[in-house]
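First the structure, in the form of C-alpha cells, and then the observations on it.
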Amino acid sequence: MSEVTGNYFLVNGSVEPVKNFETISRVIKFEVYEVIRIINGIPLFCEDHFNRIMNSLQFLNKNISIDFQHFEEQIKLLSDENNFQNGNVKIIIGEQAKNLVMHFIPHYYPTENEYLQGVKTGFYHAERINPNVKAHLTELRKNVNTYLNETGYFEVFYVDRNGIITEGSRSNVFFIRNGAAYTCPPEKVLLGITRQKVVECLKNRNIPLIETPVSKDEVASFESVFLTGTSPKILPVSSIDELKFSCTNETMQAVMNEYDQMIDRYTQSKLTLR
C-alpha cells in the first residue's frame, strides 16, 4: 500500500478507505494505467490522458463504458475526498476492462536546483514489448528501480538491441543540436502526454523537430538533453553516464518557458469554467 497516498481511493466511482486497497487490488488484475498531475485542483491535460487510456484499451481489444465528463468528475471527487489540490493521481483499468480504480500516489517534483543544474542519468539496455501501451511491466520496473538506487541516477534511458536510445523508464527524451530538437520516432516509444505537449511547444517557438533514431554512439554530438514527464515536466539532463551536457542551452530554455506558459493557459481556462 506504499504506492497509495491519501485516506480514500475510488473503485468504479465508489469511495473506499485506503485500508481496503490491498484486498481490492488482489481481486482486480491491473492492466492499463495512467498518471495525471493535479495542479491547484485541475487535472492537467485531462482530455489527452483520457484519450490515451482509450487508445491503449482499443489496442488491447478491451472495452469500457465511460465518458470524459464522468472521468473528469471522478478525479475531482477523489481530490475533494482527500482534500488534495496538488499531486499525482493514478488511473487503473482492470484486466476485464470493467473496473476503474483511481488513487493518489507518492510523487517527486524536481527542485529548483535540479531544473537549473540538471540531473544525472544513465543508459539501460531494455525494450518495451508494446511501447505505445502504458501497461504495468513489473519485472522491468523492479530491475530499473534497483539500478537507479545503486547508481543514484535520476533516470535511465533505454537502449534497444540496435543501440538506439528510445525513451526513459518513466520519461521521454529529447536531444538538442544547432537549435533543433531530436527525438525517437513515435512508433518506438510510449507517447507521453508531456512529449506531445513539447512537440506543440517546439512548433510554437519555430524550433525544428527531427524525429529520427538517435544511437548511443552519437549522443556525444549533442549540446543538451532533456527528459519529459508528468512529474518532472521538462527537466535538463546534466549527464548520461560519463557524457556531460549543457543545462543553459537557449533552445532548451525556450521550450521550458513555453511549456510552463502552456500549463498556465490550460489551468486558467479550466478555472474560468468553474
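Before we move on, is ILE91 without any contact (Cβ under 8 Å) to a residue 40 or more places away in the chain, aliphatic (A, V, I, L, M) and either touching a helix residue (DSSP H, G or I) at 6+ places or on another chain (Cβ under 8 Å) or assigned to a helix (DSSP H, G or I) (or both)?
Values: without any contact (Cβ under 8 Å) to a residue 40 or more places away in the chain: no; aliphatic (A, V, I, L, M): yes; either touching a helix residue (DSSP H, G or I) at 6+ places or on another chain (Cβ under 8 Å) or assigned to a helix (DSSP H, G or I) (or both): yes.
In short, no.
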When both residues are 6+ apart or on different chains and their Cβ atoms are under 7 Å apart, which pairs have a first residue that lies in region 105-122 and is in a loop (DSSP other than H, G, I, E, B), and a second that is surrounded by fewer than 14 Cβ atoms within 10 Å (Cβ to Cβ)? PRO106/GLU3
Does region 214-261 hold any residues that are charged (D, E, K, R) and either under 20 Å from LYS188 (Cβ atoms) or not assigned by TED's automatic domain parsing to the domain that holds SER169 (or both), and which are they? LYS216, ASP217, GLU218
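Would it be correct to say that GLU95 is farther than 17 Å from GLY192 by Cβ and either surrounded by 18 or more Cβ atoms within 10 Å (Cβ to Cβ) or modelled with pLDDT under 95 (or both)? First the steps, then the outcome.
Working: farther than 17 Å from GLY192 by Cβ: yes; either surrounded by 18 or more Cβ atoms within 10 Å (Cβ to Cβ) or modelled with pLDDT under 95 (or both): yes.
Yes: the conditions hold for GLU95.
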Six or more apart or on different chains, Cβ under 6 Å: which pairs go from a residue in region 170-181 that's more than 17 Å from SER215 (Cα to Cα) and without any contact (Cβ under 8 Å) to a residue 12 or more places away in the chain to one that's assigned to a strand (DSSP E or B) and among the aliphatic types (A, V, I, L, M)? Could you list them? none
For region 183-200, give me each residue that is assigned to a loop (DSSP other than H, G, I, E, B) and either among the aliphatic types (A, V, I, L, M) or within 11 Å of the chain's Cα centre (by Cα) (or both). VAL189, LEU190, LEU191, GLY192
Answer yes if at least one residue in region 137-157 is of a type outside the set (S, T, N, Q), crowded, with 22+ Cβ neighbours inside 10 Å and farther than 17 Å from GLY118 by Cα, and no otherwise. no
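The values are calculated or read from the model by the stated rules, or taken from the named source; none is laboratory data. Please read these numbers as outputs of a predicted model, since none were measured by experiment. Every residue, glycine as well, gets a Cβ built from its backbone with ideal geometry; the counts of neighbours run over all protein chains shown.
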